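Novice: This is the structure I want to talk about, given as structure tokens.
The values are calculated or read from the model by the stated rules, or taken from the named source; none is laboratory data. These numbers come from a predicted model, not from an experiment. Here the Cβ positions follow ideal geometry from the backbone for every residue, glycine too, while neighbour counts run over all protein chains shown.
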Amino acid sequence: MNKDFWHNAWLSGKIGFNQSEPKQLLTKYFNCLQLQPGDIVFVPLCGKSIDMLWLLQQGYKVLGVELSPIATQAFFKENNLNFQITTNSKFTVFHGQNITILNGDFFNLSHIQLENVAAVYDKAALIALPPQLRQQYAQTLINLLPPKIKMLLFTIVYPQEQMNGPPFSVSTSEITQLYKDKFTLDILEYIEINNIPPHIAAKGLSSYNEQVNYLFN
């Protein structure tokens, strides 16, 4: 899986993973991060997630990173948010009120860009990546995030042989292994999902378990 996969998904409109309403488990568990109004929430591989709008409405600032310019522009336009665009050597930067989305490759992020982040909200970034990239992704976060940081991470679990990801199945043991150098893991909820999204059902999966993970240090 490479960058072209995601560019083509947005170009062709194959974005069944996108939701029209904020994730209910986000609204249920976000307070566990114990943030203050004005704190910056980092949303990796953010797409045009409506969850970012919810975070803004709660008084937080949002920093996202997204590969597809189609997704980034759609977020601002569909939510009637004004924005300005600047560029640097690695990213096209979309600036709105209390929100910045870095349009480019996640793996080009620097420590400076994440130095003021208070928490990470990973709705579907880790599970979008195959195993070899999951390790690189997690290590990048560990290397670049500030020392005191918290993360709300959503993962799904199913027999991987039943479906080709994305989304990929990520076990508790893998999360622990990936983040052990920086975080302690607390599982907040583990839910069996039978009414699965159509884009996943179309791949042949009939059910999966969703796991809500709180990582802290």
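Novice: In a loop (DSSP other than H, G, I, E, B) and either on the phi > 0 side of the Ramachandran plot or not hydrophobic (A, V, I, L, M, F, W, C) (or both): is that true of S173 in this structure?
Specialist: no
Yes or no, residue by residue, for (1) within 15 Å of V43 (Cα to Cα); (2) within 18 Å of the chain's Cα centre (by Cα); (3) in contact (Cβ under 8 Å) with a residue 12 or more places away in the chain; (4) not in a loop (DSSP other than H, G, I, E, B):
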residue: I85; (1), (2), (3), (4): no, no, no, yes
residue: K90; (1), (2), (3), (4): no, no, yes, no
residue: F94; (1), (2), (3), (4): yes, yes, yes, yes
residue: L102; (1), (2), (3), (4): yes, yes, yes, yes
residue: I112; (1), (2), (3), (4): no, no, no, yes
residue: A119; (1), (2), (3), (4): yes, yes, yes, yes
residue: A124; (1), (2), (3), (4): yes, yes, yes, no
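Novice: Something else now. For the stretch 26-34, check the following and say yes or no: at least one residue is buried (at least 17 other Cβ atoms within 10 Å of the Cβ), in a strand (DSSP E or B) and at pLDDT 95 or above.
Specialist: No, the stretch 26-34 contains no residue that is buried (at least 17 other Cβ atoms within 10 Å of the Cβ), in a strand (DSSP E or B) and at pLDDT 95 or above.
Novice: Restricting attention to the stretch 194-217, which residues are surrounded by 14 or more Cβ atoms within 10 Å (Cβ to Cβ) and of a type in the set (A, V, I, L, M, F, W, C)?
Specialist: Once the filter is applied, which keeps residues that are surrounded by 14 or more Cβ atoms within 10 Å (Cβ to Cβ) and of a type in the set (A, V, I, L, M, F, W, C), the stretch 194-217 yields I196, I200, A201, L205, V212, L215, F216.
Novice: Still on this model: Report whether or not E161 is surrounded by fewer than 13 Cβ atoms within 10 Å (Cβ to Cβ) and touching a strand residue (DSSP E or B) at 6+ places or on another chain (Cβ under 7 Å).
Specialist: no
Novice: Looking only at the stretch 157-206, count how many residues are at pLDDT below 90 and either within 20 Å of the chain's Cα centre (by Cα) or of a type in the set (G, A, S) (or both).
Specialist: Number of matching residues: 10.
Novice: Which residues, taken from the stretch 126-136, are surrounded by 15 or more Cβ atoms within 10 Å (Cβ to Cβ) and over 14 Å from the mean Cα position of the chain (by Cα)?
Specialist: The answer is L133, and nothing else.
Novice: Something else now. Which residue out of N217, N116 is at pLDDT 95 or above and of a type in the set (S, T, N, Q)?
Specialist: The unique qualifying residue is N116.
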